[in-house]
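The values are calculated or read from the model by the stated rules, or taken from the named source; none is laboratory data. Nothing here was measured: the structure is a model prediction, and the numbers come from that model. Glycine gets a Cβ as well: all are built from the backbone with ideal geometry, and neighbour counts include every protein chain shown.
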Amino acid sequence: MTLSGFVIKNAFRNKRRAALSVLSVAASLFLLVALQVVLNEFSNPPEDVGTALRIAVRNKVSIASPLPVRQRAIIEKIPGVEAITPLTFFGGNYKGEDNTFFAQFATDPDALMGVFGEALISPDRLDAWKKDRTGAIIGLDTAKRYNLKPGDRLPLVGQYYPVDLDLTVTGIYEGTSDDRNVWFHQKYLDELLGDPGTVGMWWVKARSADDVPRIIDQVNAAFANTSAEVVAETERAFQMGFVSMWANIKVLISSICSVVVFALLLVTASTMSMAVRERMRELAVLKALGFRRHELFAFILAESFGLSAVGLLLGAGGAWLISANIDAPTLTGGLFPMLTVTPRILGTAALVAVLLGIVSSLAPAISVARMSVVEGLKTLD
């Protein structure tokens, strides 16, 4: 019998225990990978190609507090500002869904693409949107989900505002980090609200990355000590501000990951100890035949590695396969546009499996090393 055959035979000698060991490793690594994916999405929100040049300007009191439209003319005059557009979150409900798949924003059609230039849409569709007061352009993911096309109606029931929208799809865009959003005319929302003279926030694009810090300082200074003080920050900082609100959840997820790894070590080490105790006589015979301690240790280590490797393939591989085929926005209630098992996460799972193989085989290997041939032969198989 070959060495590999010997290892495989011993590993699956007790098929029920081997199966339970593999399944426990697989389930634990699946949970570990899933938690790492969620933690990664919280910590690293997706970025567009224009992220480094964009600046978010919101009300200092609260992101829910509006900003006066008069601020636009002041911001536009700041050197280095290439484009500016309002974005007002509408938060409407579509088709009675509890968590609508897409977010909706009122904006300036003539300025939007100057700020979010990575959004790709045909010129004729963009022109049609600009001319249609109730028109809207929608992300490709939203179009696919609801089978929407130019000319279709898109009614939205107001949840935050006391008005409903009756929009018409005039175009479909793609190419952003989140191709779900719906953009419509700020003027249309203003008409329905009685022209309040406010917007949700401003999005600014700088001419160069070097201009960004200076523009941020000047915007903040321009409205300091006014009735509508602002916080201007990079798009990345704005995104991470939302992430920080989930800090407790991140700590909880990290703690659960630690518990999973610890429990995994206990279960596998216990299984390996029981498996070795069952074969003490057999190992004693091998010792009597001249096998050295390091060779017996190698047998035990290979068996532990084998079980961990199969569990890794089933657990981490299963998590990767599921993440590649699930509808992340629906599963997470629109929280995450995608759930990606990155190479780093797979590497972490593999490292845990390797450590698991080493640590879980230490105690059994030490027992075998200390065992005398006579003691081993007295052990009932």
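Things to note:
- Number of the exception - Glu233 against (1) under 26 Å from the mean Cα position of the chain (by Cα); (2) modelled with pLDDT under 75; (3) outside any helix (DSSP H, G or I): (2)
- Residue check for Gly117: on the phi > 0 side of the Ramachandran plot, part of a loop (DSSP other than H, G, I, E, B) and out of contact with any Leu (no Cβ under 6 Å at 6 or more places or on another chain): no
- So Pro109, is it over 29 Å from the mean Cα position of the chain (by Cα) and either part of a helix (DSSP H, G or I) or surrounded by fewer than 18 Cβ atoms within 10 Å (Cβ to Cβ) (or both): no
- Residue in region 348-366 that is at pLDDT below 65, over 25 Å from Leu23 (Cβ atoms) and part of a helix (DSSP H, G or I) present: no
- Within region 116-147, being within 23 Å of Glu76 (Cα to Cα) and at pLDDT below 95 holds for Phe116, Gly117, Glu118, Ala119.
- Residue count, region 147-160 (criterion: farther than 21 Å from Thr88 by Cα, surrounded by fewer than 16 Cβ atoms within 10 Å (Cβ to Cβ) and not charged (D, E, K, R)): 2
- The listed residues are Ala73, Ala103, Ala52, and the only one of them that is among the aliphatic types (A, V, I, L, M), surrounded by fewer than 20 Cβ atoms within 10 Å (Cβ to Cβ) and without any contact (Cβ under 8 Å) to a residue 60 or more places away in the chain turns out to be Ala73.
- The residues of region 138-162 that are in a strand (DSSP E or B) and not charged (D, E, K, R), listed by number, are Ile138, Gly139, Leu154, Pro155, Leu156, Val157.
- When the residues of region 1-48 are filtered to those that are of a type in the set (S, T, N, Q) and modelled with pLDDT of 75 or more, the one that is surrounded by the most Cβ atoms within 10 Å (Cβ to Cβ) is Ser28.
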